Amino acid sequence: MNKYDLIVIGMGPAGMAAVGMGTKMGLKVLGIEKKAIGGECLNVGCIPSKAILKVARMKHDLGKVEDFGMNLECEAKIKNPLEIVRRQVYAHT
Ligand SMILES: Cc1cc2nc3c(=O)[nH]c(=O)nc-3n(C[C@H](O)[C@H](O)[C@H](O)COP(=O)(O)OP(=O)(O)OC[C@H]3O[C@@H](n4cnc5c(N)ncnc54)[C@H](O)[C@@H]3O)c2cc1C
């Protein structure tokens, strides 16, 4: 049977940091995640919310281009900005 020095339950930011520190200390580490690696921050919290804010800010700014003497159509091509985040995150994992 495998023996571990450290078992971390939950691979959100805290658990991933604990795993990283344990590994750097030379410990044999097991990380357990029941749902999605990255936890709330990566999957539904910090990163997706910043992506949604960025899309909203861009749409707002693009909607004002005529004030600056330009002409540009500004239709959203995606229904769900989270799809962009997921595509980017999972393309790099
Ligand atoms: C909309 C939103 C925006 C946010 N924006 C920011 C921000 O800009 N900056 C910031 O610093 N913070 C932000 N946060 C907060 C941030 O997401 C949390 O502080 C952070 O995710 C907490 O990390 P954690 O590792 O403690 O817990 P979590 O991210 O909740 O991770 C816990 C993990 O444990 C797993 N787990 C739980 N029970 C078990 C079990 N029994 N077995 C196996 N796995 C289990 C869960 O599935 C989860 O993956 C935001 C949160 C939200 C909701």
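A short reminder: the numbers here are calculations on the coordinates, not readings from a lab. Just so it is clear, the model here is predicted, and its values are computed rather than measured. So basically every Cβ, Gly included, is an ideal-geometry build from the backbone, and we count neighbours across all protein chains shown.
Return the inverse of the average 1/r over all pairs of distinct C-alpha atoms in the chain, which is the Kirkwood hydrodynamic radius, in Å to one decimal.
After inverting the pairwise mean of 1/r, the radius is 16.2 Å.
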Subject >> Spin-label proximity, residue 80 to the range 2-45 - amide N less than 19 Å from point 7 Å beyond Cα toward beta carbon >> reply: 35-45
Subject >> ³J(HN,Hα), Karplus 6.51/-1.76/1.60, whole Hz, each residue of the range 32-37, x for Gly, Pro >> reply: 10, 9, 8, 10, 8, 4
Original post:
Which residues' amide hydrogens lie under 5 Å from the amide hydrogen of residue 8, considering only partners 5 or more residues apart or on another chain, with H built in the peptide plane?
Top reply: 30, 31, 32
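So for the chain, averaging the separation of alpha carbon pairs under 8 Å that are six or more residues apart and normalising by length, what relative contact order in percent results?
Numbers: 80 pairs, mean separation 20.7, N = 93.
After rounding, I find 22 percent.
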Original post:
Equivalent-ellipsoid semi-axes (√(5λ), Cα gyration tensor) for the range 45-93, whole Å, largest first?
Top reply: 26, 11, 8
